[in-house]
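Contents: one structure, followed by commentary.
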């Protein structure tokens, strides 16, 4: 059985082999984001034309202009929000389907990444992964309903009669931490369920979820380590980016181009680490269940 660190090392090695899958994830999501932003861009350009305001908006945002836009173009912001929400939903579905292509690349290791095999596996596991995705949405809803809404309301009612704000702060912090832990657990559970579904070629999303729960019962801490280490690296990269965020305020055009390029590099790195996580989970799960690998 592989140790968590050995599984992560193998995950990094295998991710280099299937790096073509990362480019597919990156460019498809980039295209969906561009489609979501196009109506907003067209609306702003139509409203400002080639005025001085247009040049100002190309350098920084303006609350005053946004207020003026919402008054003179009623309903536009709501329509833009609808488009963004719809594209976000489409993005989740697309990424759920593409997961099958990524994980399928680990089933039969090949010297080179195959585009044909990627989309074949994506189609092969499409409906099973979508059913698993719907189960995951229900799990996330339950977590938010129980911990975020119900527990949050309970904390709010309790805190109204507390004269000292310090215990209120710690109780609210504890409730938030509990929510984050619960969401991380559901995310981890769904990750290993995807791995189990593809590795065993399971016809049932429920069976894959049950196998994930059974796997956790034998070694949750190690499974969490395999998931957590690449995830923390991704969070660290986002932290580094935010640490240099003040240079976003520059009004120089070349700085805006540099900012855009840095954002895309960050997104590509996060997709890379996401695939590293899946690969690490794959080999750790396969090492713990050698009959399935």
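Read-outs: derived from the displayed coordinates by stated rules, not from any lab. Quick caveat, the model's predicted, so the values are computed rather than measured. We place every Cβ from the backbone using ideal geometry, glycine too, and count neighbours over all the protein chains shown.
Region 262-282 and region 75-149 have Cα centres lying 15 Å from one another. Under the Kirkwood approximation for Rh and a Cα-based Rg, what ratio Rg/Rh is obtained for region 134-247? Ratio of gyration radius to Kirkwood radius: 1.09. If the segment from residue 210 to residue 12 were pulled out straight at 0.36 nm per residue, it would be longer than the present Cα-Cα gap by 68.5 nm. Between residue 46 and residue 176, what FRET efficiency comes out of the Förster formula 1/(1 + (r/R0)^6) with R0 = 35 Å and r the beta carbon distance, rounded to 0.05? In this case the efficiency is close to 0.25.
Exposure proxy ranking for 112, 281, based on other Cβ atoms within 10 angstrom of each Cβ and starting from the fewest, stands as 112, 281.
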